[in-house]
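The values are calculated or read from the model by the stated rules, or taken from the named source; none is laboratory data. No experiment lies behind these values; they were computed from the predicted model shown. As a convention, Cβ positions derive from the backbone with ideal geometry for all residues, glycine included, and neighbour counts pool all protein chains shown. Calculation scope for accessible area: heavy atoms of the full protein, side chains included, ligands and nucleic acids excluded. Shrake-Rupley method; radii C 1.70, N 1.55, O 1.52, S 1.80 Å.
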Amino acid sequence: MKIAVMVKVLPDDQDIVATDDGQLDFSRAKNTISTYDLNAIEAAAQLAEAEGAELVAVVAGPKRVDDSKTRKNILSRGVDSLCILADDSLDLADSRQTGRMLAKIVEKVGDVDLVVCGDGSADLYAQQVDVQLAEALGWVNTNAVVSLKADGAAVSVERVLEDEKEVVKMPLPAVVAVSPDIALPRIAGMKDILAAGKKPVVTYSLEDAGGLEDATVETLEIKAPQPTARKKMLFDGSSDEGIDEFVKALKEAM
């Protein structure tokens, strides 16, 4: 069995600075793995360990996503090998473009039985890449997965819905998007980090993956929202009048 986990690498939001005119300055932001993908990596790693399967991580994004520290961060989490496509034309790729590009890399990897994705990304959280990826591959797909188990030529998943849980048995190959509740990301030890530096990394060019298709979404502008000035209103909670005033002000603000 071969499992591929999709990983988005993005600027750490703690390092992003908003300028006075709302522009976002990423110049000092270090690379980090999308929070939701950390859970996906762990879920895929646990399944791979249980099944004796091979686990391949796949990353696609602008050139900044490919650095040695990020590679080791991914490979130290139970991943056997890493495939990277780093090209600046992918900087503002929409969900459809990203899904189709990832699908081409999965096909290049070959013999993949199961693709695991996080249920969204920590920046846009569009929850569309797994759907677009599955559509491009022509594979079955489901999301909101909180439990994942191989079952012969199929995979059994547990999904949490609004008012119930359901168990779905899906034939392989398949694409699943997992909930953050599925697994707690491991903390890599020094031995894992040192071993990560010796694991294989395959790099692809945009041409290797067949080029980038035309965008279906046009990004016009990305700006930080303007902060709302605080009203600095104080109320006396020890009196009925103060509470009434607070409730009135709260209703007006809403």
Test: residue in region 177-195 that is loosely packed, with under 10 Cβ neighbours inside 10 Å, under 26 Å from L114 (Cβ atoms) and free of Cβ contacts under 8 Å to residues at least 60 places away in the same chain: yes
Members of region 52-72 found to be closer than 17 Å to K198 by Cβ and touching a helix residue (DSSP H, G or I) at 6+ places or on another chain (Cβ under 8 Å), listed by number: E54, L55, V56, A57, R71, K72
D21 open to solvent by 60 Å² or more (accessible area, probe 1.4 Å) and among the acidic types (D, E): yes
Which numbered condition D111 fails, given (1) surrounded by 15 or more Cβ atoms within 10 Å (Cβ to Cβ); (2) outside any strand (DSSP E or B); (3) among the acidic types (D, E): (1)
Those residues of region 144-166 which are open to solvent by 70 Å² or more (accessible area, probe 1.4 Å) and in contact (Cβ under 8 Å) with a residue 24 or more places away in the chain, in sequence order: K149
First in region 18-37 and on the phi > 0 side of the Ramachandran plot, second anywhere and assigned to a loop (DSSP other than H, G, I, E, B), Cβ under 8 Å, 6 or more apart: G22/K223; G22/A224; G22/P225; G22/Q226
Near pairs, Cβ below 6 angstrom, 6+ apart or cross-chain, from region 211-236 (closer than 17 Å to S89 by Cβ and assigned to a loop (DSSP other than H, G, I, E, B)) to any residue that is modelled with pLDDT of 80 or more and open to solvent by 100 Å² or more (accessible area, probe 1.4 Å): T219/L92
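Conditions (1) under 16 Å from M6 (Cα atoms); (2) assigned to a strand (DSSP E or B); (3) open to solvent by less than 10 Å² (accessible area, probe 1.4 Å), marked per residue:
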site	(1), (2), (3)
Y36	yes, no, no
A48	yes, no, yes
V56	yes, yes, yes
I74	yes, no, yes
